[in-house]
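All of the numbers you see were taken from the coordinates with simple rules; none came from a lab. Quick caveat: nothing in here was measured; it's all calculated off a predicted structure. We place every Cβ from the backbone using ideal geometry, glycine too, and count neighbours over all the protein chains shown.
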Amino acid sequence: MGGLVVLEQIQKDSQLLGDKPIAVGPFARLDAEDVAAHDGKTRGAITNLFGSQAAFQAETMALALDASEWVARIKFPVPADFEDANAWFDALLAGESARGPAHGAKPVVNDGFLWALWLGALPYGIWSEEVAKPSMAEYVQTVGRLEEAITGALEHFGLAMREDTSVNDLACAVASLIEGVWLNQCLTKRHPCDRSEPVSTLLRRGGLMLWRGAAVKRRAR
């Protein structure tokens, strides 16, 4: 019953987001005085810029939910640096694991930790377009970057997609796998089913299965 009431409260709060942005989840507890203290200043430095703590909280949430700048910075490995396509794709997956959140790490502002912070606002996205839009836009942007990288690798290694799939299909599957493994990376540094392996093994092996099932040798014309 307690869980039901919490969900009902989130749904009720989410309906307020259609009128104007308000801070939810961890952002609603953001204290302007604590933020200002990080730079040796007082709460007044925040309120002078934003007018109120509530406005500052909402602006911080909007900035954290919009990670388009971080996605634009992603650098994928260059296919020419690898002997075969599997090695290239494995390096791409290893890089994506490293880009994500890490269990027990010190808080820093980067795309992986902002993604983890976004999880605190995620339930509101079920009932609020205000929260859902930037997150979905980021997903589409990420898929687009992956499509570019995969297309270049297919051309370089003389490969093509299977007739029943597309580059977009593979990019969507890989993007979803990355975020799924990032959930585990928030909780552990080790493979949850094999403690002898790092958590990145989840992504690297799972991703390679997707790659091997989707990419084939290009037919000679």
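Given the -39500 (n - 2.57) contribution per DSSP H run of 4+ residues, what per-residue ellipticity at 222 nm results for the chain, rounded to the nearest 500 deg cm²/dmol? Provide the component values of the computation, followed by the final result.
On the way: 11 runs with 137 residues, N = 221.
Theoretical 222 nm ellipticity from helices: -19500 deg cm²/dmol.
Please pull out the direction-averaged projected area of the stretch 14-137, using the convex hull of its alpha-carbon atoms, in nm² to one decimal place. Please list the in-between numbers first.
Details: hull surface 39.7 nm².
Spelled out: convex hull of the Cα atoms, projected over all directions, averaged, 9.9 nm².
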Proportion of all alpha-carbon pairs of the stretch 65-156 beyond 20 Å (%):
45 percent
Taking the Cα centre of each part, how many Å lie between the stretch 38-72 and the stretch 100-171?
24 Å
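Just how many % of Cα pairs in the stretch 1-65 lie over 20 Å apart, if you round to the nearest whole percent?
Working: 758 of 2080 pairs.
Tail fraction, whole percent: 36.
If you put +1 on each Lys and Arg Cβ and -1 on each Asp and Glu Cβ, how big is the dipole of the chain around its Cα centre, in Debye rounded to 20? It would help to have the intermediate numbers written out before the result.
Values: 22 positive and 28 negative charges, 111 e Å.
Its charge dipole is roughly 540 debye.
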For an R0 of 22 angstrom, estimate the FRET efficiency from the Cβ-Cβ distance between A28 and I74 and round to the nearest 0.05.
0.15
Additional length obtainable on full extension of the chain from E129 to S166, 0.36 nm per residue less Cα span
10.4 nm
Please determine, in degrees from 0 to 90 and to the nearest 10, the orientation of helix 200-214 with respect to the longest principal axis defined by the Cα atoms of the chain, where the helix direction is its Cα long axis.
50 degrees
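Using a Förster distance of 22 angstrom, determine the FRET efficiency expected from the C-beta separation of L16 and N48, and round it to 0.05. Mind dumping the intermediate values first?
Numbers: r = 27 Å, r/R0 = 1.20.
Efficiency for this residue pair is about 0.25.
Per residue, how much space in cubic angstrom lies within the convex hull of the C-alpha atoms of the chain? Write down the numbers at each step before the final one.
Numbers: hull volume 38.0 nm³, N = 221.
That works out to 172 Å³ per residue.
If packing is taken as the mean number of other Cβ atoms within 10 Å per residue, what is the order of 31-41, 59-69, highest first? Display every interim value, and only then the final one.
On the way: 31-41: 12.9, 59-69: 17.4.
Per-residue mean Cβ counts within 10 Å order the peptides as 59-69, 31-41.
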Computed D for the stretch 161-221, Stokes-Einstein, Kirkwood radius over alpha-carbon pairs, 25 °C, 0.890 mPa s, to the nearest µm² per second, is 191 µm²/s
Would you compute, for the Cα atoms of the stretch 112-221, the largest minus smallest coordinate along each principal axis and list the three values in descending order, in whole Å?
52, 40, 20
